[in-house]
Structures are given as structure tokens and as C-alpha cells.
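Undergrad: Dropping a structure here in C-alpha cells format, bear with me for questions.
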Amino acid sequence: TAIEFVDIAGLVRGAHKGEGLGNKFLANIREVDMIVHVIRAFSDPNVTHTEGEVDPARDAEVIELELAMADLVTAEKHLDRLRGKAKAGMTKDLEKDMALCKKLIDGLGKGKLVNQIELEDDERALIKHLNLLTGKPILVVLNVDEDRSDSRKAVSTDALTGVTPDKILPISVKVESELVDLPEAEQVEFMKELGLEQSGLDRLISSCYKSLNLISFLTSGPEETRAWTVTRGTKAPQAAGVIHTDFEKGFIRVEVINWQDFVDLGENGAKESGKMRIEGKDYVIQDGDTCHFRIA
């Protein structure tokens, strides 16, 4: 399965007012599913910093502030449009929308991110079309020194107000660049020497899947084994529909084998040893399921 990362130039102080790439930068990230902030935390006197010194907490704060201010402008413009509609006659729906906009404006004005404002599910659905930046899942990648690439305590994160510790991922980009140039076998040895179980890229992908509430299931046939992405909690017929819409309509059952059992035993071996389960329409797909869908 694949996840697409869109690399965008760095955000600078005053972006919501047009500094740097300004509104062009902000427009580029409105359509994404989540935001990954890559923040410098490594020390190297030969690499200059736009603010003069390395301070990850300050940089994160600048990013949060710029995104929140951009959301504030969006919410205020939307409220103006709603007020214009209200002149032709107030409705319950308009009144609800306006109250929600005022709630957002109040929260953003107090320095909160949309993710930190208490909203009901129906309220989140109402503002989805606004593509508010601070309403998206956020992951902070700290670009740390080589000897700190697997430590979540690499940098003090007290000032990262909009991000919980589990949304902070230390990665040494220098280590990653060295890994890329090595053969696969040597990559494993290099990571062992550094005490790393996974590369930074693999950890980043896993963290993004977790933040987006995504899992993968697999299908395997004579020609290929393939991974498919679904939201956690997806039932078997809907998972089959990801492969082909007709599969959801014609779903009968699914034969499920854990991926590790499939690798160790194969389909026939898993079936003979009782490692294969037959599940119906209410089965919730689990991460790593190898599925053989039976379709009418």
C-alpha cells in the first residue's frame, strides 16, 4: 500500500499576512488529510537557521500560530457570508452555522487550534468543507542529531501546545540519508548498531497511519500479493468494495488468515492447521489480515 507525502517549502512568521510563500503555501495544504511539521532540532553551526538559533518549541509555535491565524481568517469570511444570507431570512440551519462559526472564532482568537476546540460530531461535519488547517491531524517530526534519533526526550516539548507527546517523532535525517545509500542487508546492520528497529521513514508512515486511523489488509493470488488501505473499523463487505465496487454488492463471506501465519504456512497449511477463519458480513477487518473474499 502507499501513502503520499506532499513536500512544501517551510512556513515563516507572518505567512497568514503574505510573508514568504504566504497564502500560496496555505492553499497547498488545505486539501491534505493530515499535516506533518518537520522541525529542526539538530545542532550544526554550518547550517544557518532563519531565526538565528535552533529552538524547536519556538518554531512549532510559529507554525501553530500561522495556521491558526489562517483558520481565523477563513472562519471570519465564512461568518460574513452567512450574515449576508441571513439578510434574506434567518433559518434554523443558518443560525446553527453562525453560532458554530462564532465558537470557532472565539477559540482561535484565544490561541486554540481547531483540534483543541470542543466540537460535536455533527459540528465537525458542518465545517468539513472549510478545510480548516488546525482541524487536521498533526504530527511533528523533530530532525535530531544522529545519536538521538530514537529518543522522544530528544527535545523539550512543553511548548508544543497543540501536539501530544505521542504525536512527536524524532528522526535523524542525516541517518536516513546514509541508510538510503546502503544495500538492504547493510541497512539492517546499520540500524542495529544505532539501536533502531525501523527506519525513520517506516516509523513516519506507521505514525501517519495511526493518526489517520488507517490499517492495511492483504490479498494474495498467483500473480501478486497486495496491500489495501481502509479506515479502522471497516467491515468485510466494505473492505471488499475497496478492491472493486461489485465485490461489496456480491459479498458472501471472507476467509481470513493472519499475515504471519500466511507467510509461515501458506493458504493450504493455514487451513489445515486451523489458522484460517471464515467470517461473515459483520466481521471487522483487522490490521494485517490476509483475506480471500468469496463473491456471488
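The values are calculated or read from the model by the stated rules, or taken from the named source; none is laboratory data. This is a predicted model, so every value here is computed, not measured. Using ideal geometry, Cβ is built from the backbone for each residue, glycine included, and neighbour counts are taken over all protein chains shown. The accessibility values were calculated without ligands, DNA or RNA, using every heavy atom of the protein model including side chains. Shrake-Rupley method; radii C 1.70, N 1.55, O 1.52, S 1.80 Å.
Undergrad: Mind listing the phi-derived Karplus ³J(HN,Hα) values for segment 214-230, rounded to whole Hz, using 6.51, -1.76 and 1.60 with θ = phi - 60°, and x for any glycine or proline?
TA: 10, 9, 10, 10, 10, 10, 9, x, x, 9, 7, 10, 9, 9, 10, 9, 9
Undergrad: For segment 59-73, just list the computed ³J(HN,Hα) in residue order, Karplus coefficients 6.51, -1.76 and 1.60, θ = phi - 60°, integers in Hz, with x standing in for Gly and Pro.
TA: With coefficients 6.51, -1.76 and 1.60, one gets 4, 5, 5, 4, 4, 4, 4, 5, 5, 5, 5, 5, 5, 4, 4 Hz.
Undergrad: Apply the Karplus curve 6.51 cos²θ - 1.76 cosθ + 1.60, θ = phi - 60°, to the phi angles in segment 85-101 and return the couplings in whole Hz, x for Gly and Pro.
TA: 5, 5, 5, 7, x, 6, 10, 5, 5, 5, 4, 5, 4, 5, 5, 5, 4
Undergrad: Counting heavy atoms of the protein chains only and a 1.4 Å probe, report the per residue accessible area for the chain as a whole number of Å².
TA: 59
Undergrad: Sticking with this structure for a sec: What's the magnitude of the charge dipole for the chain around its Cα centre, counting Lys and Arg as +1 and Asp and Glu as -1 at the beta-carbon? Answer in Debye, nearest 20.
TA: With Lys and Arg at +1 and Asp and Glu at -1, about 1780 debye.
Undergrad: Moving to a separate point now. Using the Cα centre of the chain as origin and beta-carbon charges of +1 (Lys, Arg) and -1 (Asp, Glu), tell me which of L94, V180, L104 is placed farthest towards the positive end of the dipole.
TA: Of the options given, the answer is L94.
Undergrad: Let me ask something else. Could you give the C-alpha radius of gyration of segment 171-247 expressed as a fraction of 2.2 N^0.38 Å, taking N as the number of residues it contains?
TA: It is 1.47.
Undergrad: Given Cα pairs under 8 Å that are at least 6 residues apart, what percent is the relative contact order of the chain?
TA: Taking the mean separation of contacting Cα pairs over the length of the chain, I get 15 percent.
Undergrad: Report the dimensions of segment 177-296 along its three principal axes from the alpha-carbon atoms, largest first, rounded to Å.
TA: Reported extents, whole Å, longest axis first: 51, 34, 23.
Undergrad: Working only with C-alpha atoms, what are the Rg and Dmax values of the chain, expressed in angstrom?
TA: Computed over the Cα atoms of the chain, radius of gyration and Dmax are 23.5, 71 Å.
Undergrad: A further question follows. Write down the radius of gyration of segment 48-140 and its Dmax, each obtained from C-alpha positions, in Å.
TA: 15.8, 57
Undergrad: Further, regarding this structure: Collect residues whose amide H, placed 1.01 Å from N in the peptide plane, falls under 5 Å from the amide H of V141; neighbours closer than 5 in sequence don't count.
TA: Amide H neighbours of V141, under 5 Å, 5+ apart: H37, V38, I39, L169.
Undergrad: Could you list which residues have their amide H under 5 Å from that of T290, counting only those 5 or more apart in sequence or on another chain, with H placed in the peptide plane?
TA: Those qualifying (amide H under 5 Å, at least 5 residues apart or on another chain) are L218, I257, N258, W259.
Undergrad: Whenever you get a sec, compute what percent of the accessible area on segment 170-284 sits on carbon and sulfur atoms (1.4 Å probe).
TA: Within segment 170-284, the accessible surface is 51 percent carbon and sulfur.
Undergrad: Using the structure shown, list the pairs from K210/K271; K136/K174; K77/K103; K136/K249; K77/K102; K92/K112 with a Cα-Cα distance above 21 Å, or answer none.
TA: Going by Cα-Cα distance, K210/K271; K136/K174; K136/K249; K92/K112 fall outside the 21 Å limit.
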